[in-house]
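Read the structure below first, then the notes.
The values are calculated or read from the model by the stated rules, or taken from the named source; none is laboratory data. These figures come from a predicted structure and were not determined experimentally. Glycine gets a Cβ as well: all are built from the backbone with ideal geometry, and neighbour counts include every protein chain shown. Protein only, heavy atoms only, side chains kept; ligands, DNA and RNA dropped before computing areas. Shrake-Rupley method; radii C 1.70, N 1.55, O 1.52, S 1.80 Å.
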Amino acid sequence: HYQCEQAANALARQKDADAARELLLQAIQDAPGAARPRIQLAGLLAGQGELRGAFAQLLGLEQHAPQAIALVASELVRIGQASAQLPVALQLLRRSYAAAPSIDVADAIVQAELASGVPLQQAREGYVRHMTQEPSLIAATRWLSHEAFAQEDAHPTVQRSLEHAARPLARYRCAACGFEAQGYFWQCPGCQAWESFPPKRIEEL
């Protein structure tokens, strides 16, 4: 985490992408099972237009930190599509989901299938399949309100009510102090513990 913090500082304050890259590569070498440096390096590479390198870093999570795939599932789809490797991303997401069902991975699979040309109704069933394994208000809300799935007969009041009810369930919660946040933190803002946030939404805990 120290090297990742140094890399973030080098990039944000010094605009030194080369130094940031070296720090992150060193962090990966020192702690190959850590998810953060791979994810951070993927973001850096993607920002520089090195999409294949970024995609390779995200692929490495499957072997070294599979529990973190849910955190980058949508990025896998976005970068996979941009680098013409969407089929590879989709296969990885399906393997990840089979090993550990996750609403974020299920959602990314739907996105990837739509981008691959799978018919709308067929892709939409991914949310239903997830709900048969893991009852989920988040999945139900996305099934209803996903912009690509807007239905003429969908009642907007019902959608808003479901979204309101599901919002707290989509947060992350620190296992050490209970601090909740909409985004994922490597260090808890509440108790300052490192890696105390499980890579799962509250609904999935």
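Calculate for the chain the 222 nm mean residue ellipticity that helices alone would give, adding -39,500 (n - 2.57) per DSSP H run of length 4 or more and normalising by residue count, nearest 500 deg cm²/dmol.
-18000 deg cm²/dmol
Enter the per residue convex hull volume of the stretch 162-205, computed from alpha-carbon coordinates, in Å³ rounded to the nearest integer.
So the per-residue Cα hull volume is 59 Å³.
With every protein chain left in place, what is the accessible area per residue of the chain in square angstrom, probe 1.4 Å?
52
Kindly sort 157, 132, 141 by accessible area of their heavy atoms, largest first, with the probe set to 1.4 Å.
The ordering from most to least exposed comes out as 132, 157, 141.
P(r) for the stretch 85-205: what percent of alpha-carbon pairs falls in each 10 Å bin, starting at zero?
Spelled out bin by bin, the stretch 85-205 gives 13, 37, 34, 15, 2 percent.
Would you kindly compute the Cα radius of gyration of the stretch 34-128 and its largest Cα-Cα separation (Dmax), both in Å?
Here Rg and the maximum Cα pair distance are 12.6, 38 Å.
What number, in percent, do you get for the relative contact order of the stretch 7-81 if the mean sequence gap of Cα pairs under 8 Å and at least 6 apart is divided by its residue count?
Contact order relative to length: 22 percent.
According to the square roots a ≥ b ≥ c of the eigenvalues of the Cα gyration tensor, what is the shape class of the stretch 1-75, taking rounded for a/c under 1.5, prolate for a/b larger than b/c otherwise, and oblate for the remainder? Don't jump to the answer; show the numbers that get you there.
On the way: a/c = 1.97, a/b = 1.35, b/c = 1.46.
It comes out oblate by the Cα gyration axes.
Over 10 Å intervals from 0, what percent of Cα-Cα pairs in the chain sits in each interval?
Calculated over all Cα pairs of the chain, the distribution is 9, 30, 35, 21, 5, 0 percent.
Pop out the carbon and sulfur fraction of the accessible area of the chain as a percent, whole number, probe 1.4 Å.
With neighbouring chains kept in place, the figure for the chain is 52 percent.
Going highest first, how would you order 180-191, 98-109, 29-40 by mean Cβ packing within 10 Å?
My ranking of the peptides, most packed first, is 98-109, 29-40, 180-191.
May I ask for the angle, rounded to the nearest 10°, between helix 86-99 and the longest principal axis of the chain, with both axes built from Cα atoms and the value confined to 0 to 90°?
Once rounded, one gets 80 degrees.
Restricting attention to the chain, give the cysteines that have no other cysteine Cβ less than 4.7 angstrom from their Cβ.
When partners are defined as cysteine Cβ atoms under 4.7 Å apart, the chain leaves 4 without one.
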